[in-house]
Amino acid sequence: MALLIKNIKKLIQTEEKPIRWRAGKDMQNLPCIEDAFLLTVGDKIADYGKMSDFSEDMLKDIKEKVEIVDAAGKMVFPAFCDSHSHLVYAGSREIEYIDKIKGLSYEEIAKRGGGILNSCKRLRAASEDELFEDAWKRLEEVASFGTGAIEIKSGYGLTTEDELKMLRVIRRLKEKSPLTIKANFLGAHAVPMEYIGRQTEYVDLIINEMIPMVASEELADYVDVFCDKGFFTPEDTERILMQGIKYGLRPKIHANELDFSGGIQVGVKYNALSVDHIEYTGDEEIEALKGSETMPTILPGAAFFLGMVYAPARKIMEAGLPLALAGDFNPGSCPSGNMQFVLSMGCIKYKMLPEEAINATTINTAYAMGVEEELGTITKGKIANFFITKPISTIEFMPYAFGSNKVETLFLNGARC
Ligand code: NIG
Ligand code: FE
């Protein structure tokens, strides 16, 4: 099919040539076209430009029927890319959330067998079909807020069999969903109950059994480790990342959420695609990131929900680095996958300008999940993943009006969702 969206009040994030990411001051740059059209053919963006440059001649070679949509008063954005989620899980953890309200920290709750290990117990008891159905509903929910691509991690199974079960659910989601999905193997999310006190043996299991099996079934695109105080050490992380790389899995890791854990430096050393959370980022971490190909990624929803310190977003951008903002949908630290909320948080809590926050949730997260050549901007030849907003006054209105859904219609692969 083909689609002509005309009279678009503003077409956001148009790029003549594909870019890898936006960094530093350039994050304030957000190319847009006022009074625009957008033409898609099949699943790709075929053309776009000013309405005054549109002519019916542009449609004459298109063999498919062209559906016409009038977007007067509305804007068109590239769909959000969410480069960090734990969307496959069983049950919720609102009881721990009450412990949190009463003052217990994330680490204290984890030490009592709550946290990730609580989700682990539930996941082990759930069937693949149950996990798939729950995750499918969450995917529909994130799409309703404008997400068109999402990375999903394993990490609640923590046995070879249960990690494979999670990754097979992610594979089914990949096959069935119109969203672009990447899978990340996070066997090193926590030390499971049966290995407590024997952390090195659990790391051995990940290295010797899990990674080879995950790779032989081609179940993951990336390898992850929760490298932080009370979880996995930089030494554990190095061992796991080396093995992952040997099996073709590029690292993309959790780092520096709870302390200056050395996670960012380890991530950069092993050419991680991204280091995520990064609340504890100081001068040394920034120096390590400079000149690297690793995307620093902040997860505002988790910092907000857990009441953490906020990562130094401005300092990172002022150092000339790129910055991404992702969702972190999970039952413990962020029971929401709403990227419009992430965008608002970027502006409200991290003092990012709307243009910076939009770059951080589109092209920079596209890079952080390895899809920047196909997604993240409105560029000819890229996959036609975008949304039409409800009538809105300005770009700034998007982060400003936090909490309400400004997305009217999502199109993925050139088709209405
Ligand atoms: O990204 N920080 C580690 N992992 C998740 C939380 C997982 C959970 O609490 O279930 C996160 O925030
Ligand atoms: Fe996470």
**Asked** Tell me, in nm to one decimal, what length is gained between residue 283 and residue 260 on full extension, where the rule is 0.36 nm per residue of separation less the Cα-Cα distance?
**Response** 7.2 nm
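Quick check on packing: order 295-305, 379-389, 172-182 by the mean number of other C-beta atoms within 10 Å, highest mean leading.
295-305, 379-389, 172-182
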**Prompt:** Taking the simple approach of a point 7 Å from Cα along Cα-to-Cβ for both residue 108 and residue 133, what is their distance in nm?
**Reply:** 3.8 nm
**Item:** Residues in the range 219-260 that a label on residue 200 would reach, taking backbone N under 20 Å of a point 7 Å out along Cα→Cβ
**Value:** 226-244
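Which of rounded, prolate or oblate describes the range 347-392 when judged by the alpha-carbon gyration tensor and an a/c cut-off of 1.5?
oblate
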**Prompt:** residue 405 versus residue 144, label points 7 Å from Cα toward the beta carbon: distance in nm?
**Reply:** 0.4 nm
**Request:** Enumerate by residue number the trypsin sites (Lys or Arg not before Pro) in the range 134-170 meeting two conditions: DSSP loop (anything except H, G, I, E, B), and at most 13 other Cβ atoms within 10 Å of the site's Cβ.
**Result:** none
**Complete:** So the carbon and sulfur contribution to the accessible area of the chain, 1.4 Å probe, in percent, is 52 percent
**Request:** May I ask you to give the solvent-accessible area per residue for the chain, in square angstrom, as obtained with a 1.4 angstrom probe?
**Result:** 38 Å²
**Complete:** Two pseudo-spin positions, 7 Å from Cα along C-beta at residue 290 and at residue 242, lie apart in nanometres by 2.9 nm
**Prompt:** Where in the range 187-260 are there GluC sites (Glu not before Pro) that are in a DSSP coil and have at most 15 other Cβ atoms within 10 angstrom of their Cβ?
**Reply:** 217, 218
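Working out 0.36 nm times the residue gap between residue 415 and residue 394, then minus their Cα-Cα distance, what length gain in nm do you get to one decimal?
5.0 nm
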**Request:** Name the shape class, rounded, prolate or oblate, that the alpha-carbon gyration tensor gives for the range 187-231, where a ≥ b ≥ c are the square roots of its eigenvalues, rounded holds for a/c under 1.5, and otherwise prolate holds if a/b is larger than b/c and oblate otherwise.
**Result:** oblate
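Beyond a 20 Å Cα-Cα separation, which of these cross-linked pairs lie in this structure: 17/50; 153/176; 6/74; 74/137?
With Cα atoms farther than 20 Å apart: 74/137.
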**Request:** Please build a GNM for the chain, connecting alpha carbons under 10 Å apart, and tell me which residue among 65, 406, 121 fluctuates the most.
**Result:** 65
**Asked** For the chain, what relative contact order do you get, as a whole percent, if you take Cα pairs closer than 8 Å and at least 6 residues apart?
**Response** 22 percent
**Asked** Want the number for residue 351 to residue 99: 0.36 nm per residue separation, take away the alpha-carbon distance, what's left?
**Response** 87.7 nm
**Message:** Nearest 10 degrees is fine. How inclined is helix 116-125 to the longest principal axis of the chain, computing both from alpha carbons?
**Reply:** 80 degrees
**Request:** Once you have a ≥ b ≥ c as the square roots of the Cα gyration tensor eigenvalues for the range 80-368, tell me rounded if a/c is under 1.5, and otherwise prolate or oblate according to whether a/b is larger than b/c.
**Result:** rounded
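The values are calculated or read from the model by the stated rules, or taken from the named source; none is laboratory data. Please read all numbers here as calculations on a predicted model, not as lab measurements. All Cβ positions, even for glycine, are placed from backbone atoms using ideal geometry, and neighbour counts span all protein chains on display. Please note that ligands, DNA and RNA were not included when accessible areas were found on the heavy atoms of the full protein model with its side chains. Shrake-Rupley method; radii C 1.70, N 1.55, O 1.52, S 1.80 Å.
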